[in-house]
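The values are calculated or read from the model by the stated rules, or taken from the named source; none is laboratory data. Quantities reported herein were computed from a predicted structural model and do not represent experimental measurements. Because the Cβ atoms are built from the backbone with ideal geometry, glycine has one as well, and the counts that use them run over all protein chains shown. Just the protein is used for accessible areas: all its heavy atoms, side chains included, with ligands, DNA and RNA removed. Shrake-Rupley method; radii C 1.70, N 1.55, O 1.52, S 1.80 Å.
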Amino acid sequence: MDIFLMNSTTDPLNLTEKIKLMTKNRTYNWNSTFESASSTSNRESLIIAFYGLIILISIFGNLLVCNIVARNAKMRSSTYVFIANLALSDFMMTVLNIPFNVARILLNDWPFGSFMCSFVPLVQITSVYVSTFTMTCIAVDRYRIISKPLEPRLRSIQALKIVTCVWLLAIVLSLPHAIFNRIETVFTFRHLVRCRTLYPANMSHWITLIAVFTQYIIPLSITGVLYYLIIVQVWSRNSLGVVTEGQRVSQARAKKKTIKMLVLVVVLFAICWLPLNTFNLIREFNATAFTQKSVAHSTVFFICHWLAMSSVCYNPFIYCWLNEHFRAGALSCLLCMKNAGRHMSDNFKSTRSSRPNSLPTTISNDFADESNQDSGNDSCCSNAVTISSKSDSKKSKSHRETYDFDVPLRTFSKKTTQASLQTHSDSFRCNPKVETTLVNVDIQD
């Protein structure tokens with residue numbers, strides 16, 4: 001929603017502008033120069049830390065949400081499609097907008113060229129439009145389900161078509177903010193290249209009002225009214241059909257938890273973007289208060305902008321807190337990552353402990369085609385290694401394969417967890433060699 005982030009009137013006060021103000025102010029106390037430089041360095045470190053925290057949490061959380069929705073077959077409803085779209089828009093905001101805004105706050109020049117000067121605000125405003133429109137679509141879909149439970153629900157294909165229309169509409173509405181952003185050379189004590197928003201005369205007020213109403217006020221107002229109607233119906237209506245008391249309580253609890261999750265997402269979004277919208281409106285319609293910049297204005301802008309950008313990292317925590325499917329999927333992925341890290345650590349230790357002097361050993365094992373087992377495809381990754389080979393169907397189902405591998409002499413009587421294998425099978429047509437890893441094999445003398 002930060003539609004004037006590239007505007008010179010809302011630029012955060014950087015070091016160059018401070019020096020310019022110092023040269024204009026004759027009563028300035030030059031004894032505080034070194035203290036000002038030190039505070040500027042601390043301020044830059046604080047900005048990097050705060051925005052870096054948002055970037056890390058948002059990338060991890062939103063990718064986790066998209067991964068859970070994509071892998072879980074139970075999450076094919078329209079609501080989960082819209083939730084994945086919210087995560088995608090937040091991820092785009094995090095990757096394609098926030099780092100460039102941080103660089104712009106910290107640097108005196110705009111080093112990314114004219115294309116990025118227009119592309120960065122386009123991505124940001126498009127992402128905000130997509131978020132507010134998607135939350136409105138979720139509210140409309142939930143209200144339709146609650147108010148007309150006997151009608152067929154929105155299918156995932158239809159939800160994808162709606163998401164496509166939402167993105168196209170958001171891009172069209174964001175184009176004016178990208179068109180009027182351009183590179184401009186500014187002279188303070190030296191020539192600086194800045195990225196600024198330069199609207200035509202007497203159009204700035206209208207563009208500001210249209211953006212605030214279409215991005216923030218109208219979508220969130222519609223969403224709030226719909227959720228109010230949904231809450232009234234859910235809390236006052238009984239279940240359809242013949243159900244037991246336990247089933248009725250369980251259904252009511254599940255509906256209330258889902259509505260609570262969606263309402264909390266909307267409320268947090270509205271709270272995060274309210275200060276920045278208020279700041280932009282005051283700046284636009286009370287320009288005299290921003291005629292001369294000050295450190296106070298820069299600090300207020302930083303707080304408002306950081307709060308707005310932080311909206312991209314809250315939703316995954318809300319989903320995992322109030323939705324069992326997201327919570328189970330998140331725990332599964334985290335456990336999988338932990339096991340993968342442990343497996344890599346074991347491989348590294350095994351590589352370091354291996355010795356060059358080893359004795360070639362041969363073991364034989366009988367395999368049957370029916371003995372292959374499924375290794376659990378529902379998890380994020382697999383801890384087992386499956387070896388499959390094609391054999392001649394005319395031959396016997398059970399065949400004998402010989403494995404040659406190197407094992408240190410001192411480990412013959414122990415449980416070897418990692419061993420390098422090389423197979424030579426006479427049943428293969430081209431006598432291939434397959435190298436893989438054998439896990440948990442007991443080797444005897």
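Only residues that are open to solvent by 20 Å² or more (accessible area, probe 1.4 Å), on the phi < 0 side of the Ramachandran plot and not charged (D, E, K, R) were counted in the stretch 104-133, giving 12. The number of residues in the stretch 301-320 that are surrounded by fewer than 16 Cβ atoms within 10 Å (Cβ to Cβ) and either within 19 Å of residue 280 (Cβ to Cβ) or without any contact (Cβ under 8 Å) to a residue 12 or more places away in the chain (or both) comes to 2. The set of residues in the stretch 57-85 being under 30 Å from residue 195 (Cβ atoms) and surrounded by 22 or more Cβ atoms within 10 Å (Cβ to Cβ) consists of 58, 61, 62, 85.
When every residue of the stretch 93-116 is checked against the conditions, at least one turns out to be within 22 Å of residue 217 (Cβ to Cβ) and assigned to a helix (DSSP H, G or I). Counting only residues that are of a type in the set (A, V, I, L, M), assigned to a helix (DSSP H, G or I) and over 20 Å from residue 69 (Cβ atoms), the stretch 141-165 holds 1 of them. Candidates in the stretch 191-206 are the residues that are in a loop (DSSP other than H, G, I, E, B) and surrounded by 10 or more Cβ atoms within 10 Å (Cβ to Cβ); of these, the one that is farthest from the chain's Cα centre (by Cα) is 203. Given the criteria within 23 Å of residue 49 (Cβ to Cβ), at pLDDT 90 or above and touching a strand residue (DSSP E or B) at 6+ places or on another chain (Cβ under 9 Å), does residue 95 qualify? The answer is no for residue 95.
Taken over the stretch 134-180, the criterion of being surrounded by 19 or more Cβ atoms within 10 Å (Cβ to Cβ), in contact (Cβ under 8 Å) with a residue 60 or more places away in the chain and farther than 15 Å from residue 80 by Cα is satisfied by 166, 177, 178.
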